[in-house]
Amino acid sequence: MSPKTAGPPDGGWGWVVAAAAFSVNGLSYGVLRSLGLALPDLAEHFDRSAQDTAWVSALALAVQQAASPVGSALSTRWGARPVVMAGGVLTSLGFVFSAFAQSLLHLYLGLGLLAGCGWALAFAPALGTLSRYFSRRRVLAVGLALTGNGASSLLLAPALQLLLDTFGWRGALLLLGAVTFHLTPCGALLRPLALPGDPPAPPRGPLAALGLGLFKRRAFSVFALGTALIGGGYFIPYVHLAPHALDRGLGGYGAALVVAVAAVGDAGARLVCGWLADQGWVPLPRLLAVFGALTGLGLLAVGLVPSVGSDDSWGASLLAAAGAYGLSAGSYAPLVFGVLPGLVGIGGVVQATGLVMMLMSLGGLLGPPLSGFLRDETGDFTASFLMCSSFILSGSFIYMGLPRALPSCHPASPPPTPPPERGELLPVPTVVLLPPGGPQSTVEATC
């Protein structure tokens, strides 16, 4: 580790780390989001139902997130650089193995287990390391890194459809194995950083290394419950947005366009929301609850759009609903990780990131298969998207129990500069009311 600095550098090499985290996010969630385009080919080749093939993406999501605390613990002990590089090798091997699959079981093992474990070792350590490099511009940096998801989906959705049409699903998975191997050089860019809030020695024992003691904090427990509920519906569009577009009458490239539109809105909103959150005009927990609710409403609109007339139609209503969903989901994503340092402190942010991913894995495991089951029972994905919308709206309601999630008006003292990183939510700006007597009799209130 490098010598301890006075605080997060808020720039410098941190922007290189942000670029590395951008690539890690694109090569993990961006690939997962686009992978839904291959599910109809897999179902046709193996003669299995949509529910069975949905387990491929669901297992990859669930393993990636459930094993994220392990990636965080290994990163706390050995550093993020070797852990992320090892994750890149595992992910690539998972895709190469899956390209030669003879049954869905092989895909469960290759994409679900191997690639999922590789992504678990890469994503949480990379994002946790990025949070340590920034303070004032933390949410903006996290939002910039998380745009890798949308940018990768924008490029990979049409590219994967072209690969499927040209080489079949086996050739497409083999080429994706080569693409995901680029996680390894991304990990090499994660330079270690020592900060004053770090523990003097690495945690001893598995429970301490995983950071399970963070659940003793009431605010983090409320946040964990809301995040677990939102995870039940948040990742269903990753798997079934493209098949839903196909069911609504769009062709293969029309479905890819729907995914691309959602990805563009997602990517742009992450940057804008990151900048907005760093201004401090609205407390982060309040923004988290609002944009979580808007995400649920966006998915409700996606599920209720009518079918289009023919394969040649662009499906304007579905494109508009997908764009609205992308904007709201993109605004929600950086807030989930940006609020963590205020809840647990800078020293526990890497462990907290892994725990958040584990909590969302509960929904990532159950949501897509349940969505596929509803599709098989009802004949379309309308009920599936209504279900995932209800999960997300319920989790957003739970977020209202976080500190400063609801408006209040009470006397407040000016925030210290720079704000302390001790696990409490960072102070919000004060509204200064100037009475007729002049600035000498200023009354401060936080509303």
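For the stretch 50-102, the tally of residues that are assigned to a helix (DSSP H, G or I) and on the phi > 0 side of the Ramachandran plot stands at 0. Considering only the stretch 14-49, state which residues are open to solvent by 30 Å² or more (accessible area, probe 1.4 Å) and either closer than 23 Å to Ala267 by Cα or not in a helix (DSSP H, G or I) (or both). If the condition is that a residue be open to solvent by 30 Å² or more (accessible area, probe 1.4 Å) and either closer than 23 Å to Ala267 by Cα or not in a helix (DSSP H, G or I) (or both), then Trp15, Val16, Ala19, Phe22, Ser23, Asp47, Arg48, Ser49 are the ones that fit.
Checking Ser68, Ser98, Ser103, Ser72 one by one, the residue that is of a type in the set (Ser, Thr, Tyr), surrounded by fewer than 22 Cβ atoms within 10 Å (Cβ to Cβ) and in contact (Cβ under 8 Å) with a residue 24 or more places away in the chain is Ser103 and no other. Just one of the listed residues (Gly177, Gly233, Gly226) is over 28 Å from Val272 (Cα atoms) and either in contact with a Ser or Thr (Cβ under 9 Å, 6 or more places away or on another chain) or of a type outside the set (Asp, Glu) (or both), and it is Gly177. Of everything listed in (1) in contact with a Gly (Cβ under 6 Å, 6 or more places away or on another chain); (2) surrounded by fewer than 23 Cβ atoms within 10 Å (Cβ to Cβ), the single unmet condition for Asp10 is (1). Quick one: is Pro192 within 30 Å of Phe134 (Cβ to Cβ), over 26 Å from the mean Cα position of the chain (by Cα), at pLDDT below 95 and not β-branched (Val, Ile, Thr)? Answer is no for this residue. Among the residues making up the stretch 113-140, none is of a type in the set (A, V, I, L, M, F, W, C), out of contact with any Gly (no Cβ under 8 Å at 6 or more places or on another chain) and not in a helix (DSSP H, G or I). What tally of residues in the stretch 1-24 results from selecting those that are at pLDDT 90 or above and polar (S, T, N, Q)? Total satisfying the criteria: 1. Among helices (runs of 4 or more DSSP H) entirely within the stretch 141-254, having at least 2 residues that are open to solvent by 60 Å² or more (accessible area, probe 1.4 Å) singles out 206-210, 218-234. Residues that are within 17 Å of Leu225 (Cβ to Cβ) and either touching a Lys or Arg at 6+ places or on another chain (Cβ under 7 Å) or open to solvent by 10 Å² or more (accessible area, probe 1.4 Å) (or both) within the stretch 366-383 comprise just one, Leu366.
The values are calculated or read from the model by the stated rules, or taken from the named source; none is laboratory data. Bear in mind that the values here come from a model prediction, so they are computed numbers and not experimental data. Note: ideal-geometry Cβ built from the backbone for every residue, glycine included; neighbour counts use all protein chains shown. Please note that ligands, DNA and RNA were not included when accessible areas were found on the heavy atoms of the full protein model with its side chains. Shrake-Rupley method; radii C 1.70, N 1.55, O 1.52, S 1.80 Å.
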